[in-house]
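Input: a single structure, listed below in structure tokens.
The values are calculated or read from the model by the stated rules, or taken from the named source; none is laboratory data. Keep in mind that this is a model prediction, so the values were computed, not measured. Here the Cβ is made from the backbone with ideal geometry for all residues, glycine too, and neighbour counts use every protein chain on show. What goes into the accessible areas is simple: the full protein's heavy atoms, side chains included, and nothing from ligands, DNA or RNA. Shrake-Rupley method; radii C 1.70, N 1.55, O 1.52, S 1.80 Å.
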Amino acid sequence: MSGDERVDRLVRDADPGGLGGVGDLAGVKRTLLEEIVSESGVESVARIPRRRLRVRRFAGVVTAAAVLMSVVPASMVLRGQAEGGGVSPIVAPAEGVVFSPLALAAAERNPRLLIDRPGWKVTDLSGFTEEQGMVRFRRGERELEMNWYSAWVYTYRYSDRRADGPPKSVRVAGWSGDLFQNLNGDFTVLLRPQDDVLVEMSTSGNWSREDLDRVLADIVRVDARTWLAALPAEMVMPVRERAAKVLADVPLPPGFDVAALEDIGVSDSYHFGVGVTSRVGCGWIAEWQRARASGDEAGVRRAADALRSSHGWRVLRDMDKAGDWPEVFWEYADEIAAGTLRASYSQGLGCA
């Protein structure tokens, strides 16, 4: 088995959908990273987030943890609205707006950086739980992705980026870092660890160094409410409301607790769908196992039929246009329907 194949298998088996809060995955991810370091070398470590693209074509999954507290002056918060030419992501939270307590807690314990310039919008967000965070901004054909890592990853990330050539010093929102450019012309900014966290920014699209410098100069740290106000409303709406839409045509396993979905955290539609369908799938598998062990043939058929029906669930069919999580889910569902199940399902679906 080649090094790349080894990385692919480890990543897929450990957490193919980038679930973050499903089960106790933080330890799994660190163990996974350390195992790849020992077996495949530093180069593979840096490629893990990109290999996540096999599961989520437009989103990486990364390790993160921190609180960066600061408040943006009102003049800066409102600047984008006055300049025209698009809507700045930084807007003052509307008076009286109440965010979900979990969404607010997630914002308070993660780095909160926004591009204070009209036209830049948040398009993807995932993993804002205890140790994960990714946010992607887009303006036209240009994208800037910010990934948060625990500070202990810094040595590996820096070593890999250093292979692109000598770094150039930069500062982003008062945070010191290093700028690298690879052979494809894409830029990476690796900010040095602060408060046990580091941030890595990467570009995609047609960027010049001048373009990047202008955007880096417009990045600011903001308070939690301002950061949440910059996100698409769907990402911070009450979980029960989001879940009702996702579960509209999904049969629920016995004892399924919709309230427990609160701990999925702040995320975009794709990653929220991963979190919800993971819980449903794990619940039906547990019911299938219980029914088999007790000789409950009707229960076995009911669980198998529920999982077989997943090929028609709207949430998975919509997600299949954007990433590979549905394919992973359907593989295990089809095994259940055929009366078998690989032992790897627990890691593959993120079951506790």
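Every condition in (1) open to solvent by 30 Å² or more (accessible area, probe 1.4 Å); (2) touching a residue at least 60 places away in the same chain (Cβ under 8 Å); (3) at positive phi is met by residue 350 except one, and the failing one is (1).
Here is a check on your reading of the model: is residue 126 at pLDDT below 70, surrounded by 23 or more Cβ atoms within 10 Å (Cβ to Cβ), within 25 Å of the chain's Cα centre (by Cα) and closer than 17 Å to residue 230 by Cα? No, not satisfied.
Is at least one residue of segment 271-291 among the aliphatic types (A, V, I, L, M) and open to solvent by 10 Å² or more (accessible area, probe 1.4 Å)? The answer is yes, given that some residue of segment 271-291 is among the aliphatic types (A, V, I, L, M) and open to solvent by 10 Å² or more (accessible area, probe 1.4 Å). Restricted to segment 260-281, and to residues there that are in a helix (DSSP H, G or I) and of a type in the set (A, V, I, L, M), the residue that is nearest to residue 306 (Cα to Cα) is 280. Check whether at least one residue in segment 158-178 is hydrophobic (A, V, I, L, M, F, W, C), touching an Asp or Glu at 6+ places or on another chain (Cβ under 6 Å) and surrounded by fewer than 20 Cβ atoms within 10 Å (Cβ to Cβ), and report yes or no. The answer is no; no qualifying residue exists.
If you take the residues of segment 316-343 that are part of a helix (DSSP H, G or I), under 16 Å from residue 287 (Cα atoms) and in contact with a helix residue (DSSP H, G or I) (Cβ under 6 Å, 6 or more places away or on another chain), which of them is most open to solvent (accessible area, probe 1.4 Å)? Checking each candidate, the answer is 337. A residue that is within 30 Å of residue 123 (Cα to Cα), at pLDDT 95 or above and touching a Lys or Arg at 6+ places or on another chain (Cβ under 9 Å) can be found somewhere in segment 289-311.
Residue by residue, here is whether (1) open to solvent by 10 Å² or more (accessible area, probe 1.4 Å); (2) out of contact with any helix residue (DSSP H, G or I) (no Cβ under 8 Å at 6 or more places or on another chain); (3) among the charged types (D, E, K, R); (4) closer than 20 Å to residue 114 by Cβ holds:
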residue: 196; (1), (2), (3), (4): yes, no, yes, no
residue: 199; (1), (2), (3), (4): no, yes, no, yes
residue: 237; (1), (2), (3), (4): yes, yes, no, yes
residue: 261; (1), (2), (3), (4): no, no, no, no
residue: 267; (1), (2), (3), (4): no, no, no, yes
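Can you tell me which residues in segment 239-259 are in a loop (DSSP other than H, G, I, E, B) and open to solvent by 20 Å² or more (accessible area, probe 1.4 Å)? Answer for segment 239-259, where residues must be in a loop (DSSP other than H, G, I, E, B) and open to solvent by 20 Å² or more (accessible area, probe 1.4 Å): 247, 248, 249, 251, 252, 254, 255, 256, 257.
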